[in-house]
Amino acid sequence: MILENIINSKPYIYGMWVTRLKIKHDCIIGSRCEKFAVTTSGMPFSVFQKKGKTYSPQIQTINGDAKQIKKFVLDLKKDKRVTNLEMEGNTIFLIEVRKDKIPATFYNPKLIYVKPVIVDKQGFEYWEVASWKKIILTNFIEKLEKTIEFVKILKIEKTKLIDIYFSTLAPKLTESQKKSLNYAFENGYYCWPKKTDFGKLSKLMDVSVSTFREHLKRAEEKLMPNLISSID
């Protein structure tokens, strides 16, 4: 009987529903990205509610000028909504505690972060989350729209499971390798055509061209295995 049901059933299309959102709200990270002209990438995890408050542990990597990053962190330390702040290089861990509602308030285990949350220099957040049912995503979006000042749906579509990206732990890079990679990315080295070259980038980092080239190539060498395996 079970076999007969399988044979006679309609073929199931495997896949996931994915949405990409552009959000802006009263954010401890976004407001400081805008204030200090830096960007961040990261995501909350193990979000939980307790006595009417949202607790959002998160890791954020800050990208930009080293002096501005330092100002960002010093300012963040003054925020009473931040606890357990730790920093290594330009990566920080913190727990955000909020009485008011934020995007993380509406997170539930049926949502999957498929990419890190990116925050640009204007304080806009770019979220990309997925679920196996479209209604789970639309409910999440509706709750955001009722409480968040700016929500724009950039896409909502069904995609093949193999198109879903799951982040992996990045290989350990030295501070110089991280900086060279960030400078190269932010200044358009990886654009086509290139918007900069080693000469300009080495001046920004205040090192010789040969030193900058070595830092960048070693960073790329460490990152490439994970990149290739994700493509495979």
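The values are calculated or read from the model by the stated rules, or taken from the named source; none is laboratory data. Computed from a prediction, not measured in an experiment: that's the story for all the values here. Note that each Cβ is placed from the backbone with ideal geometry, even for glycine, and that neighbours are counted across all protein chains shown.
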_Filter result (at pLDDT 90 or above and surrounded by fewer than 20 Cβ atoms within 10 Å (Cβ to Cβ)) within the stretch 30-52_ = S31, E34, K35, A37, T39
*For the stretch 45-60, state whether one or more residues are assigned by TED's automatic domain parsing to the domain that holds I28, out of contact with any strand residue (DSSP E or B) (no Cβ under 6 Å at 6 or more places or on another chain), assigned to a loop (DSSP other than H, G, I, E, B) and on the phi > 0 side of the Ramachandran plot.*
yes
*Report, by residue number, each residue of the stretch 78-125 that is in a loop (DSSP other than H, G, I, E, B), surrounded by 14 or more Cβ atoms within 10 Å (Cβ to Cβ) and of a type in the set (D, E).*
D79, D120
_Here are the criteria: (1) surrounded by fewer than 18 Cβ atoms within 10 Å (Cβ to Cβ); (2) without any contact (Cβ under 8 Å) to a residue 40 or more places away in the chain; (3) not aromatic (F, W, Y). Tell me which single one L223 does not satisfy._
(2)
_Here's a check for you: in the stretch 1-29, which residue that is crowded, with 16+ Cβ neighbours inside 10 Å, at pLDDT 90 or above and not β-branched (V, I, T) is farthest from the chain's Cα centre (by Cα)?_
W17
*Some residue of the stretch 124-144 being more than 14 Å from the chain's Cα centre (by Cα) and either at pLDDT below 85 or farther than 29 Å from G15 by Cα (or both)*: no
*Among (1) over 18 Å from the mean Cα position of the chain (by Cα); (2) closer than 29 Å to A130 by Cβ, which single condition is I118 missing?*
(1)
*Might you check whether a residue that is at pLDDT 90 or above, among the aliphatic types (A, V, I, L, M) and within 26 Å of N139 (Cα to Cα) occurs anywhere in the stretch 82-90?*
no
